[in-house]
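Please read the structure below before turning to the comments.
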Amino acid sequence: TVQVLCVERQIQFVQNFDTDQVIVSVEKQSMIAAIVAILENAMQVTQSGQCIEIRSSHKGGRLETTIDDQGPGIAPDMMDTLFEPFSTSRLSIARSAIDSHRGEILVSNRDGGGARFTILLPCLAEL
């Protein structure tokens with residue numbers, strides 16, 4: 001699992017899920033593959049002693065999940081092609097899975113370094 005790999009590489013893996021009142025309809029394995037692809041990308045660029053953080057919360061009728069790493073960030077010339085099927089990463093798998101659930105995936109560079117991937121999925125209802 002991702003947690004085991006982070007422990008082996010001495011990467012701190014922080015999880016914060018505030019999703020108790022949220023219902024989304026997803027194909028579980030597809031979304032797991034999408035999130036794992038993003039986390040694997042984060043692990044490739046995160047060094048020992050650094051942190052990867054995943055957070056989820058309900059915002060404006062959508063489930064928002066962010067994955068932050070402390071790597072070098074995304075090169076500006078790669079931003080437009082990062083999710084393309086023939087790029088060097090598995091991020092196209094993530095985008096395809098998220099798109100199929102009427103969601104969207106965004107990427108940005110964080111102030112102070114690292115990348116942020118944001119997944120937005122529509123909620124079915126609020127409890």
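Every number here is computed from the coordinates shown, using simple stated rules; none is lab data. Just so we're clear, the structure is a prediction, and the values are computed from it rather than from any experiment.
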Completion exercise
Rounded to the nearest 10, the angle in degrees between the Cα long axis of helix 91-100 and the longest principal axis of the Cα atoms of the chain comes to 10
Completion exercise
One finds the C-alpha centres of region 85-115 and region 32-49 to be spaced, in Å, by 12
Handout entry: Whole-Å semi-axes of region 36-127's equivalent ellipsoid (Cα gyration tensor)
Key = 23, 17, 11
